[in-house]
Every structure is written in C-alpha cells, then in structure tokens.
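Chemist: What follows is a structure written as structure tokens; I'll ask about it next.
Throughout, read-outs are computed from the coordinates displayed, never taken from laboratory work. Fair warning: this is a prediction, and the values are worked out from it, not measured in the lab. Using ideal geometry, Cβ is built from the backbone for each residue, glycine included, and neighbour counts are taken over all protein chains shown.
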Amino acid sequence: MLIPCPLCGARDLREFTPKGAAVTLHRPDVGAGLDAWNDYLHLRDNPAGPTRELWWHGSGCGAWLVVERNTLTHEVSGARLAEEEAGA
Amino acid sequence: MRLASRGRIDRSVSLPFSFDGKLLTGHPGDTLASALLANDIRLMGRSFKYHRPRGVMTAGSEEPNALMEIGSGAAMVPNVRATVQELHEGLEAHSQNRWPSLSADLLACNDLLAPFLGAGFYYKTFMWPRSFWERLYEPAIRHAAGPGRLTTDPDPARHEKAFAHCDLLVIGAGPAGLMAALVAGEAGVDVILADESSEPGGRLLTEQERVGGKPAADWVAATLARLAQMDNVRIMSRTTVAGAYDGGVYAAHERVSEHLGARSKDLPLDCFWRIATRAAVLAAGAIERPIAFPDNDRPGIMMAGALRSYVNRYGVSPGRKAALFACNDDAHRTARDLQEAGMEIAGVIDPRSELPKGDYPVFSEARVVGTRGRHGLRQVQVQSASGTTSLAADVLAISGGWNPSLHLSCHMDGRPRWDETIEAFVPRPGAVPGLFAAGAANGVFDTSGCLSEGKRAAGEALATLGVAAPDWLLPEAENQAGSGKTLWLVEGRARAWLDFQNDVTAKDVKGAAQEGYDSVEYMKRYTTQGMAPDQGKSSNVNALAILADATGRSIAATGTTIYRPPYAPLPIGALGAGAQGKGFAPERFTPSHAACLARGAPMIEAGLWYRPSYFPAPGETTWRESCDREVRMVRSAVGICDVSTLGKIELQGPDVGLFLDFVYANGFSRLKPGRVRYGITLREDGHVMDDGTTARLSENHWVMTTTTAAAGQVMAHLEMVQQCFLPRARLRFTSTTDSWAQFAIAGPRALEVLNTVLDNPLRPEQFPFMACGAVRVGGVEARLFRISFSGEMAFELAVPTRVGASLWRLLLAQAEGFGGGPYGMEALNVLRIEKGLLTHAEMHGRTTAFDLGLQKMLSRKKDFIGRSASERPGLCDEGREQLVGLISRSREIGLPAGAHLFAPDAAPERINDQGYVTSSAWSPTLERHIALGFLRQGRARHGERLRLVDHLRGVDVACDVCDPVFFDPEGGRMR
C-alpha cells in the first residue's frame, strides 16, 4: 500500500503509523462535559467504505496526515496535511 | 536419454552432480529434472501419503512430484522443485519422503492400506484414546507422511531484500509479455519485465514455431537485444512475481545465485523484491491441465507440453516409445515433435471422433483406462470403440487443455470468471486495479493471439498512465490455438489421481460430496486438495469439475477456491532478509560504551540501547556487592553515570511556553530562562504518558528531556499536538538525543568534581537546584543542568557527542580522586527507589497522576492534553490503587516486583488482592528490603502491615506500608 504524502510523494505503508479516525482533530473544549469527551475519546464509527484516518509519516517528514481510504477496497484516494485541516 | 542435437544446452561442457549419492553429469542449460531424465532416471520421489513412486510431471514451477533436498548440512533446502533448480557443478540432490531408499521404500506399505486411508481418515481413526494423539499417532504419521525434512540448524545462506519502482511491470516474458514490454518500452515509460525462468521467452523457447518469419527462439533473441538497448527497460530473469498487493505493490522473488553453486560465494542466494508500479501486465501464461485416469501417476507419465520442453528445449528424450493421451490438438503437435526427434510413437489416444491424421497409430473415441509398470511406465491400456488394447510405452504424454495462470488477479479477493467457450477460468478485468491480463493468462492460447494481446494490454496500461501506445506492426505467427474438448476423468477401478502432491484421488472428491462437504471450500479442507506447496496449480480445476459433476452443478455455479499469495513457495529466509540478529534489533551505544566494557561492566538492554549494569571492583563476586558499593559511593562521595540515552528534544520559538503548557499537565510558560522544571505528560485519556524535565536555556530556546523508553513516542506525540491542535503556534522542534553526550555527576562532592572540568568553576549559590545554563569544558560549549535522580546534589553535564568519550574519561579520573567512580543501572535504580522517583515500571500506562500522588501538578488554570479525562470521577476515585512505599519485615526476604499484597490474615487469592509491587531493591542506605507498589487507598494506609505473596517465586513475607520517599523526604541533600 502506498500513501501519497503531500510533502514526500507516494511512499510505502511501512513509513507510516496509523492513529485511527481523523475525528481526533475535533477536540472538544475543556468545559464540553463528560459526554462530549466520552464520545471524542471512545466512540468510533466502523465504516464499510470511505473513511478518514490520521497517519504519521514518522519514517519520513514527520507530518501528520489525514488519509482518505476505502475500508472495502483498501484504495487510498488522497491525503492532506493535518495542520491544513486544523486551520494553520 | 540425451538427444544428439536439439535444445538450448551446451553439450561441450559437462557438469558433474549427484543424486542420492550417485555421481552423474549434465550440461549448462539443464534443470535438475532434465539432467536426471538425460541420465535415464525417471523415479524422482515418493508421494506424500501412500509413498507411490513418482516421476517428473511438468517442466515448470507447478511441478507436484519431483521435489528434492538440495545441498547438505545447515545449507540444505528441502522441497526444491527439480524443474526449477538449474544444474550447476557439484549440485547435491537427494530424494525425499522415502525410507530407507527411493527404490526400496518400506513405507510404500501405506499404499496397500489405501482402502483405509482415504480422505478424512485421520479425523475418523485417531480419535481414541485422546492422549495417544500427541504421543503416538502424530509422531508416527509425521514419520510416514510428509515432504522434505527441515534442517534444525540456523540458515547460513545470505538473503537479500530490495525495492524497485517502475511505471509498468510486465509479469512473464513469453510472447505476450515480450510484446507488452516492447510496446511500453518504445512508449518511453519505465518498464520492468520479470520472468520466472532462467531465460526469457516462455513457450517460444520450447515450441517448433516461427515468429516474424524466423524460428521463434531467434525472434526472442532479437527482441531481447532490442529491449536491452532501451535504458527504460529492466529485464529480471529468475524472478517469480509472487503476490499482488494494494496500491500497485508486487512481491517478487529473484533467485540470484542458487544456480551458480560454489561460484556464488560473493552473491546472496536470493532476493525478495517489493516492486511498486503504476500499472502491470499479467502475461504469466497457462498451465497444462492433466486428465484423471486410473493409475495416472507412474513415472513416465507427464504433461504433453512438458514433454515438448524436454525434447525441444533441453534435448532430452524421457523414453524411447511414447503414447499420447489428449482431447486437443496439442497431442498431435507433440507427436510430430517427438517423431522429428527420433522417438517412436506407440499411438495417440483421443476421445474425439474426428482427428488430424498422422504418421502414427491414432485411436479415436478412445481413452486410457489403465497403466502398468512398478517404478516406471511400461504399458498403457487403451479402450476404444474396437475394444481394449495394450500399448507398450515408457512415456505417456497427457493434455486435458490449459488453465490460464490467473493467480495474481485473485490476490486482492477477486474471483475469476468461468469462460464456457474455452472451458477455463479467466481473470476478471479490474480484479486487481491497474493489472491487465494478456495472452494465455487471459485465455488466448495461440502465438499470434498472444502477441496481439500483449500489444493490447500494454496499450490499455499505457492509457492509464496517460501515455499513447506507439503504432506497432505485429510479427506473423502461428494462429492455431489447437481445438479441443475437455475430459476431466476416466472412470475405472484403480485410483485416478488429482492432487499428486497431497495424494488426493477423484474418489476422495466424490466421497467429500457424498459426506456433505459439497461446497468447494469444504471439499478442499476435507480432502486437502490443493493444500500442498504447489497449491493445486495443476489439479484444482479438475477437482472442482469432478465435484461439480458429483453435486449436479455447473462448474461456474460450483466456483473455485481463491488463490492467495505467494504464487510459488518462497523461502522464509528471503521474506525475513535483513531482519535477523542486529537487523531485527539494531544496537545503540552510548558515548561511554567502550570505556564501560573496558571496565568489565556487564551491559543491559534498555530498548535498543545498551547500558552498563554495574562496574565490578576487584574482589567483588556478585552484582549486589558492586551495586551496594556504588549506591554508598554516591550517597557518601560522588558517582558518574552516562545518561545520554534520555530523549532530548530542542524547541525554539516565541510560542514554546504556550505549547509546553498544552503538552504538560503542569505549567511551563512562566518558567524563567536559566531554570529547569519537572513535568508530567498525560495521554488524552487521562493516564500518565511520561515524565521528565524541561530546561529554558533562553527566552525562546528550550530543551525537553524524556525517559529513555518513551523518547520516540513523545516525539510523535509532540508532532501531533503541534500539527493537529496548535498549527499556528510559532515554534519548531527536533530530536537531539544522539547529538549530546550527557553525564550525571551525583553525590555530596559533585560540585568539586564538576569544578575540576569546567573552564570557569562555579560557586554553589551561583547555580542553585533546578538551574541550567551554558558552560565551557576544555574550550567546548557545554550545557549544565542541576537536577537529581538520586536525591543527592547532582548535575547533568551535556557536551556534543563527539567529545563525550573523552569527557567520560576525564570525569571518572577526577571522581576517583574524590573517592568516587562510575555507577551503573542497578545503582541508579536503587537510588531512585530510595527517593520514590518514578520510571515506566510505575507509569505503566494504566496509572493516573492521582494514582502516582502527583494530582497537585494537574493545572486548573489551563487546558492541556488529558485534562478533561483526568477529571473523570473514576480516574480520581479514593478507592483506586495508589503509589506507596513498602518495607520488608524480613532482612533476608525481599519484595519482588510483580508480587501481590494482601491483608495479613487473608488467603493469597485474586479476590483478596489489595495491590502489587512495581519496583524492588535492597537499600544499602536503609539496610532494608524496600519496594514501590500500588495499594488500594494506599495513601491513607501508611504504617499498616500487609502480607506480600509471589506465587511464582514462592515468596510470602510481611511488609509495612510507608511513604514512597524512603530517604531524605525533605530533599535537603539535593538542594
């Protein structure tokens, strides 16, 4: 599997580490309450189809990426820098 | 028998080799199989279960019978296919699965028991008594059945791994593959042409055909010469593409030197390739399909295409008189080739009624119904409209049609499609994205068709790359595919073999259907059809045709089992190339490594690092003696310890303070330049991730330290926090762990030792506890931190790694002048346990700041990673297990880590468990056995007596609960 790192180009899977669903980017405020935090920390969809995940290019440039991947076909349709998504 | 002419072998050179100890010769260009046939050796192995005599059946990687052990001693490789192993001087081959010898195999008695040993007999027979399975049945079965033996010695062979990248991978260099490579090469894209055989060409090397008006082999040579001129085309011979994976990645195995024998000492045996390509053409050809008929497994019975290979490519005649049994025109083509080569034709047996004429006996509407010959074929029984006749023959060539080699197209879960017109499975387009099947692999079997298929597939692949295919005139070639019909099975009383490698018969498949295992997946597991190393390459389709017939379904409705990687057996050594020994776990050495070894220090692993356990002094015989001395030395004088393994991350920028406030649970932004602060980091789920100190060297320049174990994890975490949560913060950071050598100087005389090496000595009040700053050591810029992991007055002095080894020697020499010396991990651990300081034994991932007694560090004034979760009621419940100190009531019995705590009168059972020990030491300072551990409501239970039990080590001892800081709780010594 190859992941198209926006900084390095298409790179082998083994340079990356996954960190689960990209909802991690949408961190609740400190006062959001236990339910919001429980949801953020523990509850995840398990989609059959397109999914957005956080991957770390640890053996490359060190960038965190939002990777769009189809769990049915393993097809990677795109990747962008997490910091762009987070509003840099 | 070797033919006088023909073939692509060099008759002027003789290569000596041995088979079962017998010395033989062959020629360059031979495979082991062709060389054995040239020496009139037809019996090449014994079958898996019944020990039936078997000979070579194919001339390719699908070979089920001729499996050999190659080499000897630790370098011996079992289950090598003699059809793939190229001959070299000194090759040593042994037959397998026979005892005591190949021709007199006593275990052939299994064959007489065959009526009782059908599919499923293991499950039915060896059920009782239960305990006999492991002790008696399984060892006996394993002795009697099975392919080659494994040597139990470590593999001495050198394996290699490599990566390749290209625009187009062409798999197979037969007519379709060569044409695809030509077209793509001409189009200018980067091409890899991988072929399994020792030379590219595929069937063009084995057939008497003409391409482009010249002999096919000459066209191959001209085409290869043309490809060799193209800088953008790489040809990889002896390379089996074994798997197709996501994103256009293919696994391939290259046999680099196994064909060279003793001349290969500078080369790896083989190489495991990962090829990343943008598109691929599957031109892997087709595998000839056998016919199941009674006693179809005698040495001398082989595939018609294989027989043509042996005659035309290797110049070998596997016998003197051949019969042919086929339901297509291939048999007639074979008969013509054999006649040309001077072999006698006993007859062509064909179930069809209208047959091509030939200058040999032809039996139409006929079948082979039996064979004779104990160790090799002697006679073939033929049944035709005119009755049954016996033909004398020592070779029988069979052809039941062709199965496209579509395996790779199934590797991403795609199922093949049954094509009624050619009665074969063909690849489903798009089953592997970017893979285009061509030629025989796509169900087009004539040479002209293959050439045009290669061009078409290359054009389709190029289109996906956005490149136009060049106009290309196809050479003229044979366009007769050889018409035929299918014949799967000839019924009879004797067994008709399907899977030769696993000894599965047509009757076994029917039996599976009768017993209700009527799905193809059940049948496979019940009979073991297709589960041997050849994965049923020749036999699977026949087996499911028979299953379809037995269950009254069509083949399309019956379906097929899925092909999975690898296409051909791969050596585990090649898959693991580079990942053995130090390749598996590289070693990281500290700047003082050599000096520590020189002092006789035993090294202990800490992650990938090696650190000294202790430094034995003359007369010391146990680690405890050395450790106790080193602890007392630090408490009374001074000790030096290499702490370079701690993770060091340098951060610069105006927003570092804000960033650290978010990373650490406690506040950092108000830390003054020149000061150090201890901090803890949490995971977002509220548990402690790591601890360490961070120093503010100047307004915008900070250095963070992490524990040795968590350095990588913390770095990844910081990257995530910055990029995902604080992308606008103005800072940059990088790991500098390997750039700085750092030494702890600890003990009452630490400052005196330090001042001997500083260019400008310090007064104590100039550099108070938790201060940091730049200093100079012998003219070198250095950093000094006054921090302590021992509870003593201590400094950590950091210099660039290149001068680390000299500073270590200098510090040791100075320390020894003050009654000090080096101390190792054991003493470091005792010193920190005496002070109740934490490591990952305590921060083990399930403990919170509350559990560790650090709840006051959790800032209420700011948000930080883990804050919200750390406030969840369950994570700060008073009933949780909390960090405590433990002191053994016994002077002799220690408190081992992993032991559990119980009330003094409670039974030591899980239900009464009160807590557990995480770190344990003999304290030379207190002269007591002490420990750190977690105890339910522990902070409120100081002074209580408990029972400590370790069932594993047989320890049962009373201990007292106390504060985790055993020594100098006010911290006066380090200040």
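Chemist: How crowded by other chains is B:717-725, given as the mean number of beta carbons from other chains within 10 Å of each beta carbon? Write down the numbers at each step before the final one.
Modeler: On the way: counts 1, 1, 8, 7, 1, 6, 14, 13, 6.
Counting other chains' Cβ atoms within 10 Å and averaging over B:717-725 gives 6.
Chemist: What's the ranking of B:440-451, B:65-76 by average number of surrounding C-beta atoms within 10 Å, highest first?
Modeler: On the way: B:440-451: 25.6, B:65-76: 19.2.
Top of the packing list down: B:440-451, B:65-76.
Chemist: Within a Cβ distance under 14 Å of B:V509, other residues only, what is the Lys/Arg minus Asp/Glu net charge?
Modeler: -2
Chemist: A follow-up question, please. Quick check on the exposure proxy: order B:E515, B:E453 from fewest to most C-beta atoms within 10 angstrom. All intermediate terms of the calculation are to be shown ahead of the outcome.
Modeler: Details: B:E515 13, B:E453 27.
With the sparsest Cβ surroundings first, the list reads B:E515, B:E453.
Chemist: Still on this structure, please answer the following. Based on the alpha carbons, how large is the Rg to Rh ratio for region B:214-265 when Rh follows Kirkwood? Could you put the intermediate results ahead of the total?
Modeler: Working: Rg = 15.2 Å, Rh = 13.9 Å.
Across region B:214-265, the Cα-based Rg/Rh ratio is 1.09.
Chemist: To the nearest 20 Debye, how big is the dipole of region B:560-678 about its Cα centre, given +1 on the beta carbon of each Lys and Arg and -1 on that of each Asp and Glu? Provide the component values of the computation, followed by the final result.
Modeler: Details: 14 positive and 10 negative charges, 45 e Å.
That gives a dipole near 220 debye.
Chemist: In whole angstrom, how far apart do the alpha carbon centroids of region B:792-817 and region B:463-504 sit?
Modeler: About 74 Å separates the Cα centre of region B:792-817 from the one of region B:463-504.
Chemist: Given Cα pairs under 8 Å that are at least 6 residues apart, what percent is the relative contact order of chain B? Provide the component values of the computation, followed by the final result.
Modeler: Working: 2312 pairs, mean separation 84.6, N = 975.
That works out to 9 percent.
Chemist: Over the whole of B:375-388, what's the average partner chain Cβ count within 10 Å per residue? Rounded to a whole number, please.
Modeler: On the way: counts 0, 0, 0, 0, 0, 0, 0, 0, 0, 0, 0, 0, 0, 0.
Taking the mean over all residues of the peptide, I get 0.
Chemist: Quickly rank B:485-493, B:239-247, B:572-580 as a protection proxy: mean count of other C-beta atoms within 10 Å, highest first. Walk me through the intermediate numbers first.
Modeler: Values: B:485-493: 17.6, B:239-247: 22.4, B:572-580: 15.4.
Result, highest mean Cβ count within 10 Å first: B:239-247, B:485-493, B:572-580.
Chemist: At each listed q (0.11 Å⁻¹), what is the log10 of I(q)/I(0) that the Debye formula gives for region B:603-684 modelled as equal alpha-carbon point scatterers?
Modeler: Debye curve over Cα of region B:603-684, log10 I(q)/I(0) at q = 0.11 Å⁻¹: -0.55.
Chemist: Here's a follow-up. Please provide three numbers in whole Å: the alpha-carbon extents of region A:37-78 along the principal axes, with the largest listed first.
Modeler: For region A:37-78, the Cα spread along each principal axis is 32, 28, 12 Å.
Chemist: Calculate the length of the line joining the C-alpha centroid of region B:387-462 to that of region B:206-256, in whole Å.
Modeler: Going from one Cα centre to the other spans 18 Å.
Chemist: Okay, moving on. Give me the Kirkwood hydrodynamic radius of the protein assembly as shown, using the inverse of the mean 1/r over all pairs of distinct Cα atoms, in Å to one decimal. Kindly include the intermediate steps, with their values, before the conclusion.
Modeler: Numbers: mean 1/r = 0.0291 Å⁻¹.
Taking the inverse mean of 1/r over all distinct Cα pairs, the protein assembly as shown comes out at 34.4 Å.
Chemist: To check my understanding: the extent here is largest minus smallest coordinate of the Cα atoms along each principal axis. What are those three numbers for region B:878-975, in Å, largest first?
Modeler: The principal-axis extents, from largest down, are 45, 33, 18 Å.
Chemist: Could I ask something else about it? Let me check I have the definition right: for region B:725-865, take the eigenvalues of the Cα gyration tensor, multiply each by 5, take square roots. What are those semi-axes in whole Å, largest first? Provide the component values of the computation, followed by the final result.
Modeler: Values: eigenvalues 185, 91, 47 Å².
Over the Cα atoms of region B:725-865, the ellipsoid semi-axes are 30, 21, 15 Å.
Chemist: Using only the alpha-carbon atoms of region B:647-737 as identical scatterers, what base-10 log of I(q)/I(0) does the Debye formula give at q = 0.10, 0.25 Å⁻¹?
Modeler: -0.21, -1.51
Chemist: Taking the Cα centre as origin and putting +1 on Lys and Arg beta-carbons and -1 on Asp and Glu beta-carbons, what dipole magnitude results for chain A, to the nearest 20 debye? Please report the intermediate quantities before stating the final value.
Modeler: Working: 8 positive and 12 negative charges, 47 e Å.
Charge dipole, chain A, about its Cα centre: 220 debye, nearest 20.
Chemist: Scaled to the compact-protein estimate 2.2 N^0.38 Å, what is the alpha-carbon radius of gyration of region B:394-482, rounded to two decimal places? Could the numbers behind the result be given before it?
Modeler: Numbers: Rg = 15.1 Å, N = 89, 2.2 N^0.38 = 12.1 Å.
Ratio of Rg to 2.2 N^0.38 Å for region B:394-482: 1.24.
Chemist: Counting only residues 5 or more places away or on other chains, whose amide H sits under 5 Å from the amide H of B:Y314 once H atoms are built in the peptide plane?
Modeler: Hits under the 5 Å cutoff: B:R8.
Chemist: Could you point to the residue in B:S34, B:W623, B:A556 farthest towards the positive end of the protein assembly as shown's charge dipole, with +1 and -1 charges on the Cβ of Lys/Arg and Asp/Glu respectively?
Modeler: B:W623
Chemist: How much mean residue ellipticity at 222 nm does chain B get from its helices, if each DSSP H run of length 4 or more adds -39500 (n - 2.57) and you divide by all residues, to the nearest 500 deg cm²/dmol?
Modeler: Details: 22 runs with 199 residues, N = 975.
Per the formula, -6000 deg cm²/dmol.
Chemist: So if I average 1/r over every pair of distinct C-alpha atoms in region A:2-85 and take the inverse, what Kirkwood radius in Å does that give? Working shown, then result.
Modeler: Numbers: mean 1/r = 0.0734 Å⁻¹.
Kirkwood radius, region A:2-85: 13.6 Å.
Chemist: Now, a different point. Two decimals is fine: what's Rg over Rh for region B:666-804, C-alpha atoms, Kirkwood radius as Rh? Could the numbers behind the result be given before it?
Modeler: Working: Rg = 16.0 Å, Rh = 16.3 Å.
Reported Rg/Rh, Kirkwood definition of Rh: 0.98.
Chemist: Also, I was wondering about something else. Could you give me the radius of gyration and the Dmax of chain B, taking only the C-alpha atoms into account and expressing both in angstrom?
Modeler: 37.8, 118
Chemist: Angle check, please: helix B:623-636 long axis (alpha carbons) against the longest principal axis of chain B (alpha carbons), in degrees 0 to 90, nearest 10.
Modeler: 40
Chemist: Might you report the magnitude of the Cβ-based charge dipole of the protein assembly as shown about its Cα centre, with Lys and Arg at +1 and Asp and Glu at -1, to the nearest 20 debye? If you can, show how the numbers build up before the last one.
Modeler: Working: 114 positive and 121 negative charges, 248 e Å.
It works out to roughly 1200 debye.
Chemist: Now, a different point. For region B:437-480, state the semi-axes of the equivalent ellipsoid (square roots of 5 times the eigenvalues of the alpha-carbon gyration tensor), sorted largest first and rounded to whole angstrom.
Modeler: Here the semi-axes work out to 21, 13, 4 Å.
Chemist: Rounded to the nearest Å, what's the spacing between the alpha carbon centres of region B:36-97 and region B:148-202? Just the number, please.
Modeler: 24
Chemist: I'd like to know which of B:F850, B:V638, B:I192 lies farthest towards the positive end of the charge dipole of chain B, counting +1 on Cβ of Lys and Arg and -1 on Cβ of Asp and Glu.
Modeler: Going by the charge dipole, the pick is B:V638.
Chemist: Sorted by average packing, counted as other Cβ atoms within 10 angstrom per residue and highest first, what order do B:550-557, B:407-414 take?
Modeler: Values: B:550-557: 14.2, B:407-414: 22.0.
Highest to lowest by the protection proxy: B:407-414, B:550-557.
Chemist: Between B:H407, B:G342, B:Y360, whose Cα lies farthest towards the positive end of the dipole of region B:301-445 when Lys and Arg beta carbons carry +1 and Asp and Glu beta carbons carry -1, centred on the Cα centre?
Modeler: B:G342
Chemist: Pull out the extension gain between B:I572 and B:A774, defined as 0.36 nm times the separation in residues minus the alpha carbon to alpha carbon distance; nm, one decimal. Show your work: numbers first, answer last.
Modeler: Numbers: separation 202, 0.36 × 202 = 72.72 nm, distance 5.34 nm.
Fully extending the segment from B:I572 to B:A774 adds 67.4 nm.
Chemist: Relative contact order, percent, of region B:878-975 when contacts are C-alpha pairs under 8 Å separated by at least 6 residues? List each step's numbers first, then the result.
Modeler: Working: 229 pairs, mean separation 36.0, N = 98.
Rounded, it is 37 percent for region B:878-975.
Chemist: If you filter region B:547-604 for chymotrypsin sites (Phe, Trp or Tyr not before Pro), then keep DSSP loop positions with at most 16 other Cβ within 10 Å, what is left? Mind dumping the intermediate values first?
Modeler: Working: sites: B:Y563, B:Y567, B:F584, B:F589; in loops: B:Y563, B:Y567, B:F584.
Listed in order of number, the matching sites are B:F584.
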